[in-house]
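These notes concern the structure reproduced below.
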Amino acid sequence: MTDLKIAQWNCGGMNPSTASTPQKMGSFDKNFPNASFDIAAFLETHHKDDSDLPELIKIYKISHTIIHTPAPPDDTHAGILILIGKHLTVKNPRIMIPGRLINFQLEIPNTENTYNFSVFYGHTSRQIRQAQVTRNLNHFLSNHNIEETNVIFGDFNFCHKIIDRQTKLHWY
């Protein structure tokens with residue numbers, strides 16, 4: 001893959017009405033001044049719709065394509081927002097699981113490659129059930145072929161190593 005600047009952040013909410021959002025957006029802008037990233041994925045945004053986005057995100061619409069899936073009413077702590085530089089070609093953006101999984105293809109000008117991206121925000125161990133784990137895996141398997149160049153990133157809300165967990169390993 002060419003040298004893309006990709007950022008991912010589980011922001012723990014980014015509603016404009018929340019007092020911490022200006023600090024979060026200021027920190028992001030400080031780390032990526034002048035929108036110096038190609039792709040940025042914000043996870044756990046808690047946003048409800050387009051009007052529920054911080055001002056900085058609205059400004060990024062000038063230089064970046066925005067793909068997002070807000071948090072559904074029954075899953076208020078979900079939400080994904082992806083910013084993709086307009087110099088890249090986005091194809092087939094699809095919300096596979098509302099608030100939890102977005103898939104899209106990305107073409108980089110002057111190359112012949114298409115990259116198959118998925119951005120995922122997993123359920124916490126308190127929310128997940130085996131049926132949901134199976135559905136999540138099926139989404140990945142149905143959208144990612146081994147012959148393709150796949151890029152899968154996100155917050156899976158899963159830690160295998162005991163040192164990284166606060167609870168026992170969920171058997172699913």
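The values are calculated or read from the model by the stated rules, or taken from the named source; none is laboratory data. Owing to the predicted nature of the structure, the values given are computational and were not obtained by experimental measurement. Cβ placement follows ideal geometry from the backbone for every residue including glycine, while neighbour counts extend to all protein chains displayed. Remember, those area values only see protein heavy atoms, side chains included, never the ligands or the DNA or RNA. Shrake-Rupley method; radii C 1.70, N 1.55, O 1.52, S 1.80 Å.
Of all residues in region 50-65, which are over 15 Å from G12 (Cα atoms) and either open to solvent by 50 Å² or more (accessible area, probe 1.4 Å) or not aromatic (F, W, Y) (or both)? Once the filter is applied, which keeps residues that are over 15 Å from G12 (Cα atoms) and either open to solvent by 50 Å² or more (accessible area, probe 1.4 Å) or not aromatic (F, W, Y) (or both), region 50-65 yields D50, S51, E55, L56, I57, K58, I59, K61, I62, S63, H64, T65. Of note, I163 satisfies the criterion of being hydrophobic (A, V, I, L, M, F, W, C) and at pLDDT below 85.
Among the criteria (1) open to solvent by 20 Å² or more (accessible area, probe 1.4 Å); (2) under 21 Å from L141 (Cα atoms); (3) among the aliphatic types (A, V, I, L, M), the one A35 does not fulfil is (2).
One residue stands out in region 85-130 among those that are hydrophobic (A, V, I, L, M, F, W, C) and either over 18 Å from the mean Cα position of the chain (by Cα) or in a loop (DSSP other than H, G, I, E, B) (or both): the one that is modelled with the lowest pLDDT, namely I128.
Out of region 61-84, which residues are touching a helix residue (DSSP H, G or I) at 6+ places or on another chain (Cβ under 6 Å) and not in a strand (DSSP E or B)?
Quick first cut of region 61-84, residues touching a helix residue (DSSP H, G or I) at 6+ places or on another chain (Cβ under 6 Å) only: 63, 83.
Result: S63, single match.
Taken together, H47, H68, H77 contain a single residue that is open to solvent by 60 Å² or more (accessible area, probe 1.4 Å), closer than 21 Å to I97 by Cβ and within 15 Å of the chain's Cα centre (by Cα), which is H77. Checking every residue in region 140-153 against the condition of being in contact with a helix residue (DSSP H, G or I) (Cβ under 8 Å, 6 or more places away or on another chain), in a strand (DSSP E or B) and touching a residue at least 24 places away in the same chain (Cβ under 8 Å) gives at least one match. Residues in region 109-126 that are open to solvent by 20 Å² or more (accessible area, probe 1.4 Å) and in contact (Cβ under 8 Å) with a residue 24 or more places away in the chain: T111, N113, T114, H123, T124, S125. Among the residues making up region 91-108, those that are open to solvent by 40 Å² or more (accessible area, probe 1.4 Å) and of a type in the set (A, V, I, L, M) are I95, M96. A19 passes every criterion in (1) outside any loop (DSSP other than H, G, I, E, B); (2) hydrophobic (A, V, I, L, M, F, W, C); (3) open to solvent by 20 Å² or more (accessible area, probe 1.4 Å); (4) out of contact with any Asp or Glu (no Cβ under 8 Å at 6 or more places or on another chain) apart from (1).
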